[in-house]
Amino acid sequence: MTSSASMLKPAGGAGASPLPPRVSDWLRASLRDGSVIRWTGAAGALIPVAALVFILIILGVKAWPAIGYNGWGFFTGRVWSIGNLYGNPTSSGGVEHLPGAQFGALPSIIGTLGSSAIALVVAVPVSLGTALVIVERLPRGLSSIVGAFLELLAGLPSVVIGLWGGVTFGPFIARDVTPFIARNMPNVPVLNYFRGEVGNGQGMLTSGLVLALMVTPIIAATTRDLIRQVPILPREGAIALGMSEFETARKVTLPWVGGGVIGAVVLGLGRALGETMAVAMTCGAALGSVPTNIYGTMTTIAATVVQTVDGAFQDGTGFALRSLAELCLVLMVITLATNILARLLVRRVSGTALPVGRGL
Amino acid sequence: MVGPALPSSPAKAPESISETGSTLLFPLISAWAQKYQSLYTQPPADKLPLVTITTGPTGSGVGIADATTGTVDIGASDAYLSSAEKATVPTLENIALAISAQEISYNLPGIKNLKLDGTLLAEMYTGKITSWNDPAIKALNPGVSLPNMKIVTLHRADGSGDTFLFTSYMDAQDPSAWPVTNVSTAATFPAVPGALGEQGNGGMVAGCAATKGCIAYIGVSYETQTEKAGLGQAEVKNGAGKFVLPTAATIAAGAAGFIAKTPANETISMINGPAAAGYPIINYEYAIVNTKQTNGTVAEDIRAFLHWDVATGQTASFLDAVNFQPLPASVVQLSDALIAKIGA
């Protein structure tokens with residue numbers, strides 16, 4: 001294609017001027033000396049960095065007027081209101097918005113952290129157990145089958161899990177499980193969050209459990225790959241000293257990969273913090289609601305954004321969208337902060353930055 | 001009719017137009033689209049429609065937003081455009097297609113025709129009244145044995161014309177209980193423990209059916225579903241202080257007083273009307289269309305389809321299934337005048 005095009009082109013000329021160097025020649029030369037590989041490699045390496053910086057800058061620019069108008073009240077306010085849609089836009093401090101616009105992210109932030117905490121509390125023990133069993137207990141054939149299922153579960157679209165959680169799982173636990181717990185839980189601090197109204201199955205607990213299901217395969221698969229790399233000798237030594245299998249796992253195997261496991265948990269946490277669809281379908285979508293017990297309806301940052309973005313587009317002043325951008329910025333900061341914290345923790349514990357193996 | 005010249009059939013070239021928005025209007029506009037596509041097929045008379053019309057129940061908020069940005073050709077909405085939206089895109093018009101209403105549903109087995117008014121509803125939705133056997137509810141319903149059950153308020157989580165109608169009604173009945181500043185398609189519902197946000201009218205029906213003690217506002221086009229789900233329908237207090245159920249007669253009676261007042265741009269609230277026999281939560285269903293289209297064929301097809309909707313589509317065979325009322329002749333003329341403005 002290239003060569004035929006370049007052959008057609010100079011045909012109209014006087015014929016005296018030499019042909020320009022052909023593209024294919026240039027390409028062949030640069031492939032030979034490796035500069036193509038070098039440059040595409042450099043570009044490829046830069047794109048992720050550029051993307052992160054670009055997203056942060058764009059979010060920051062979009063959110064800037066909202067940050068100014070909402071102030072610190074953004075983190076303490078509980079009302080998320082785009083204002084009077086049918087009123088005339090007003091302006092305060094040079095920022096145009098609808099009258100009565102008020103944006104408080106506290107319920108979303110609490111919901112995000114709360115549901116992710118439930119997810120980790122459930123998922124971490126389950127994942128460690130799964131990983132240990134796959135590596136140390138199951139026969140090779142069975143272990144690879146279980147491992148394959150684990151990876152399939154990790155690849156399940158979140159909307160599928162959300163539909164199941166909202167339509168089947170949530171109503172099931174609200175009918176058959178949580179009323180029993182709510183009745184019998186002692187009325188003491190912490191545990192009294194398990195008492196009271198259980199609702200219809202949409203809320204913090206259902207969201208947390210659905211998230212647990214989604215992060216378990218991530219943590220388990222990564223931990224499995226880590227445990228596989230623990231040398232056999234220390235473990236055999238532990239058993240030779242008379243340790244039980246549980247003691248070996250607790251004292252030798254898991255500490256060996258401790259930093260990596262923390263990294264794996266953070267990978268899972270990152271997923272839980274940002275998960276949108278499954279949570280939006282199971283949280284009850286109660287904007288502005290801070291649940292009074294663990295079953296209460298609530299919302300998360302991601303769920304708030306997806307539920308209110310269409311309404312925000314109706315705000316002619318665009319301020320509602322700016323506030324959503326600010327909310328997204330908060331989510332990004334939370335996610336980045338947990339990641340950085342985990343990296344520091346991992347480095348302190350083990351000296352390697354992130355889990356080796358096939359992070360999902 | 002002395003009205004403007006409107007195409008009676010779509011343009012000759014095959015074209016497709018898209019619609020998203022109101023879940024309340026969705027069943028009707030889908031039925032219209034289906035019929036319309038079967039009426040006009042490509043020559044030779046094979047099965048392919050001349051105009052392919054895609055419809056989507058996404059909520060009025062999306063309908064307005066998508067029509068504003070030009071993502072779709074027709075945005076469906078139960079709410080008229082706000083002045084801010086009009087200011088953003090001055091060529092947007094809201095064109096009335098039919099008269100609709102909203103029912104107040106609840107899940108209290110065995111209790112029929114509960115009487116409710118705007119003040120009570122506002123107090124439920126703001127968490128001031130939390131139990132079904134509250135004295136205030138009993139006062140309106142003497143002789144009804146109300147259970148000691150928690151009230152679970154359901155509201156729309158998506159931007160919704162139904163939310164606009166419902167908040168309009170509460171505000172019209174009692175501005176001190178529901179402020180006018182919180183009347184909107186994306187109204188803010190105070191955090192009431194256990195309150196649920198739902199997607200679309202379908203989500204409201206399913207959510208209410210699954211939740212004993214719930215209260216919900218649902219478009220009448222879903223009346224068949226709410227009946228099947230065993231939900232009760234409330235008698236709602238109108239502007240004359242009477243309690244009425246949404247029926248064909250009460251919806252028509254409620255709308256009657258607003259017909260002559262409908263302005264040329266068809267932007268009018270028909271909430272809480274003064275007619276004694278009239279249902280108080282009624283509205284025009286709107287097509288939100290940009291009158292300045294980029295493609296002449298598409299503009300012609302939108303004109304033809306919308307004109308067909310208000311001229312031919314107003315029969316009982318379409319409207320009865322969704323419990324809507326036809327537009328009176330005078331409003332059809334207003335709609336046609338707006339439709340005629342659509343051009344490229």
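The values are calculated or read from the model by the stated rules, or taken from the named source; none is laboratory data. These numbers were taken from a predicted model, which means no experiment stands behind them. Positions of Cβ are generated from backbone atoms using ideal geometry, with glycine treated the same way; all protein chains shown enter the neighbour counts.
Taking the criterion of being in contact with a helix residue (DSSP H, G or I) (Cβ under 8 Å, 6 or more places away or on another chain), in contact (Cβ under 8 Å) with a residue 24 or more places away in the chain, buried (at least 24 other Cβ atoms within 10 Å of the Cβ) and closer than 21 Å to residue B:335 by Cβ, would at least one residue in region B:36-50 satisfy it? No, there is no match, as no residue in region B:36-50 is in contact with a helix residue (DSSP H, G or I) (Cβ under 8 Å, 6 or more places away or on another chain), in contact (Cβ under 8 Å) with a residue 24 or more places away in the chain, buried (at least 24 other Cβ atoms within 10 Å of the Cβ) and closer than 21 Å to residue B:335 by Cβ. Residues of region B:146-155 that are under 14 Å from residue B:218 (Cα atoms) and more than 9 Å from chain A (Cβ to nearest Cβ): B:153, B:154. When B:126, B:163, B:119 are screened for being at pLDDT 90 or above, within 14 Å of chain A (Cβ to nearest Cβ) and either more than 16 Å from residue B:218 (Cα to Cα) or over 18 Å from the mean Cα position of the chain (by Cα) (or both), only B:126 passes. Residue-level check: of (1) within 14 Å of chain A (Cβ to nearest Cβ); (2) at pLDDT 90 or above, residue B:199 misses just (2).
Selection of region A:280-312 for residues being at the interface with chain B (Cβ under 8 Å from one of its Cβ atoms), among the β-branched types (Val, Ile, Thr) and out of contact with any strand residue (DSSP E or B) (no Cβ under 9 Å at 6 or more places or on another chain) yields A:290, A:292.
Of all residues in region B:285-319, those being part of a helix (DSSP H, G or I) and without any contact (Cβ under 8 Å) to a residue 24 or more places away in the chain number 2.
Taken across region B:166-181, residues that are within 13 Å of residue B:213 (Cβ to Cβ) and within 14 Å of chain A (Cβ to nearest Cβ) do not occur at all.
Within the set A:284, A:268, A:263, A:274, the sole residue that is within 30 Å of residue A:81 (Cα to Cα) and buried (at least 24 other Cβ atoms within 10 Å of the Cβ) turns out to be A:284.
Of all residues in region B:212-230, those satisfying the criterion of being surrounded by 24 or more Cβ atoms within 10 Å (Cβ to Cβ) and within 14 Å of chain A (Cβ to nearest Cβ) are B:214, B:215, B:216.
The condition (being on the phi > 0 side of the Ramachandran plot, under 25 Å from the mean Cα position of the chain (by Cα), within 14 Å of another protein chain (Cβ to nearest Cβ) and of a type in the set (Gly, Ala, Ser)) is satisfied by just one residue among A:170, A:201, A:100, A:104: A:201. Can you find a residue in region B:288-297 that is closer than 21 Å to residue B:56 by Cα and within 16 Å of the chain's Cα centre (by Cα)? Looking for residues that are closer than 21 Å to residue B:56 by Cα and within 16 Å of the chain's Cα centre (by Cα), one finds at least one in region B:288-297, hence yes. For region B:294-344, filtering for residues that are of a type in the set (Asp, Glu) and closer than 27 Å to residue B:218 by Cα leaves 2. Residues considered: B:207, B:194. Of these, the only one that is part of a loop (DSSP other than H, G, I, E, B), of a type outside the set (Val, Ile, Thr) and either outside the structural domain of residue B:225 (by TED's automatic domain parsing) or buried (at least 21 other Cβ atoms within 10 Å of the Cβ) (or both) is B:194. Within region B:231-249, can one find any residue that is over 20 Å from residue B:119 (Cα atoms), free of Cβ contacts under 8 Å to residues at least 60 places away in the same chain, within 13 Å of chain A (Cβ to nearest Cβ) and part of a helix (DSSP H, G or I)? No, region B:231-249 contains no residue that is over 20 Å from residue B:119 (Cα atoms), free of Cβ contacts under 8 Å to residues at least 60 places away in the same chain, within 13 Å of chain A (Cβ to nearest Cβ) and part of a helix (DSSP H, G or I).
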